[in-house]
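> I'd like to ask some things about the structure below.
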């Protein structure tokens with residue numbers, strides 16, 4: 001699945017801004033957000049002419065204007081940096097960003113077996129393969145799954161491409177209840 005330049009893209013957990021600046025350089029209309037104001041300030045200062053709309057926002061409490069607004073959603077290792085108790089909610093929120101027909105590119109570390117994920121020292125924490133099902137619960141369909149062989153620790157970097165089916169609006173309302 002290819003999302004052509006000129007479309008709206010969002011970078012989740014943009015950190016220092018490299019991914020957002022690269023998407024803007026390639027011609028996308030980019031919004032990038034992070035929960036850390038210092039990261040957003042740093043990104044804005046590193047790439048002042050990138051044409052990116054840099055924002056401070058919380059993935060688990062998305063501003064209404066971001067929900068369902070993007071043709072391309074990019075998440076590079078944000079979910080795996082979060083504790084397990086909020087990961088499903090985070091993946092649900094990532095899915096909410098995608099417009100009808102929009103794509104999500106998620107790059108994350110995944111353990112080859114659930115037991116490896118349970119014993120993985122983090123952050124970042126390797127995700128269990130079963131955790132990726134939360135994207136489906138968010139209304140996304142898997143388009144592609146790319147990964148090399150697991151490394152000697154039983155972990156692989158996965159590039160997962162998902163799509164919100166056309167005609168399937170981003171779910172509104174709040175996030176699922178997250179245990180305290």
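The values are calculated or read from the model by the stated rules, or taken from the named source; none is laboratory data. Note that the structure is a prediction, hence the values are computed from the model and not measured. All Cβ positions, even for glycine, are placed from backbone atoms using ideal geometry, and neighbour counts span all protein chains on display.
> Pick from 32, 39, 9: which is assigned to a helix (DSSP H, G or I) and either touching a helix residue (DSSP H, G or I) at 6+ places or on another chain (Cβ under 7 Å) or crowded, with 19+ Cβ neighbours inside 10 Å (or both)?
Values: 32 fails: assigned to a helix (DSSP H, G or I); 9 fails: assigned to a helix (DSSP H, G or I).
Going through 32, 39, 9 in turn, just one is assigned to a helix (DSSP H, G or I) and either touching a helix residue (DSSP H, G or I) at 6+ places or on another chain (Cβ under 7 Å) or crowded, with 19+ Cβ neighbours inside 10 Å (or both): 39.
> Now a separate question. Within the stretch 152-165, restricting attention to residues that are part of a loop (DSSP other than H, G, I, E, B), modelled with pLDDT under 90 and touching a strand residue (DSSP E or B) at 6+ places or on another chain (Cβ under 9 Å), which residue is surrounded by the most Cβ atoms within 10 Å (Cβ to Cβ)? Full working, then the answer.
As a first pass, look at the stretch 152-165 and keep what is part of a loop (DSSP other than H, G, I, E, B): 152-154, 164-165.
Now narrow it down to the ones that are modelled with pLDDT under 90: 152-154.
Then keep just the ones that are touching a strand residue (DSSP E or B) at 6+ places or on another chain (Cβ under 9 Å); that gives 153-154.
Numbers: 153: 13, 154: 16.
My answer is 154.
> Among the candidates 136, 96, which residue alone is at pLDDT 90 or above, assigned to a helix (DSSP H, G or I) and in contact with a strand residue (DSSP E or B) (Cβ under 8 Å, 6 or more places away or on another chain)? Before you say what the answer is, go through the steps one by one.
Values: 96 fails: in contact with a strand residue (DSSP E or B) (Cβ under 8 Å, 6 or more places away or on another chain).
From the options 136, 96, the qualifying one is 136.
> If a residue has to be part of a strand (DSSP E or B) and buried (at least 21 other Cβ atoms within 10 Å of the Cβ) to count, how many in the stretch 12-29 make the cut? Break it down stepwise before answering.
First pass over the stretch 12-29, keeping only residues part of a strand (DSSP E or B): 12, 29.
Next cut, buried (at least 21 other Cβ atoms within 10 Å of the Cβ) only: 12.
Of the residues in the stretch 12-29, 1 are part of a strand (DSSP E or B) and buried (at least 21 other Cβ atoms within 10 Å of the Cβ).
> Is it the case that the stretch 110-122 has a residue that's part of a helix (DSSP H, G or I), modelled with pLDDT of 85 or more, on the phi < 0 side of the Ramachandran plot and out of contact with any strand residue (DSSP E or B) (no Cβ under 6 Å at 6 or more places or on another chain)? Outline the logic, then answer.
From the stretch 110-122, those part of a helix (DSSP H, G or I) are 114-119; that's our starting set.
Now restrict to residues that are modelled with pLDDT of 85 or more: none.
Checking the stretch 110-122: not a single residue is part of a helix (DSSP H, G or I), modelled with pLDDT of 85 or more, on the phi < 0 side of the Ramachandran plot and out of contact with any strand residue (DSSP E or B) (no Cβ under 6 Å at 6 or more places or on another chain).
> Can you find a residue in the stretch 43-51 that is crowded, with 19+ Cβ neighbours inside 10 Å and closer than 22 Å to residue 162 by Cβ?
No, the stretch 43-51 has no match at all.
> Continuing with this model, one more query. Using beta carbons and a limit of 6 Å, which pairs, at least six apart or on different chains, have the first residue in the stretch 1-20 and modelled with pLDDT under 95 and the second one buried (at least 22 other Cβ atoms within 10 Å of the Cβ) and assigned to a loop (DSSP other than H, G, I, E, B)?
5/28
> Which of the residues that make up the stretch 130-141 are farther than 11 Å from residue 108 by Cβ and surrounded by 14 or more Cβ atoms within 10 Å (Cβ to Cβ)?
Here is the first cut: in the stretch 130-141, the ones farther than 11 Å from residue 108 by Cβ are 130, 133-134, 136-141.
Listed by number, the residues that qualify are 134, 138, 139, 140.
> Looking only at the stretch 55-81, count every residue that is part of a strand (DSSP E or B) and crowded, with 23+ Cβ neighbours inside 10 Å and tell me the total. First the steps, then the outcome.
The first filter runs over the stretch 55-81 and keeps only residues part of a strand (DSSP E or B), leaving 55-56, 58, 61, 70-76.
Retained after the next criterion (residues that are crowded, with 23+ Cβ neighbours inside 10 Å): 70, 72-75.
Count: 5.
> Six or more apart or on different chains, Cβ atoms under 7 Å: show the pairs whose first residue is in the stretch 45-68 and at positive phi and whose second is at pLDDT below 95.
From residues that are at positive phi, the pairs are 68/169; 68/170.
> Can you tell me which residue in the stretch 95-105 is surrounded by the most Cβ atoms within 10 Å (Cβ to Cβ), limited to those that are under 18 Å from residue 158 (Cβ atoms) and in contact with a helix residue (DSSP H, G or I) (Cβ under 7 Å, 6 or more places away or on another chain)?
Step one: filter the stretch 95-105 for residues under 18 Å from residue 158 (Cβ atoms), giving 95, 103-105.
Now drop any that are not in contact with a helix residue (DSSP H, G or I) (Cβ under 7 Å, 6 or more places away or on another chain), which leaves 95, 104.
On the way: 95: 24, 104: 27.
Looking at the filtered set, the residue picked out is 104.
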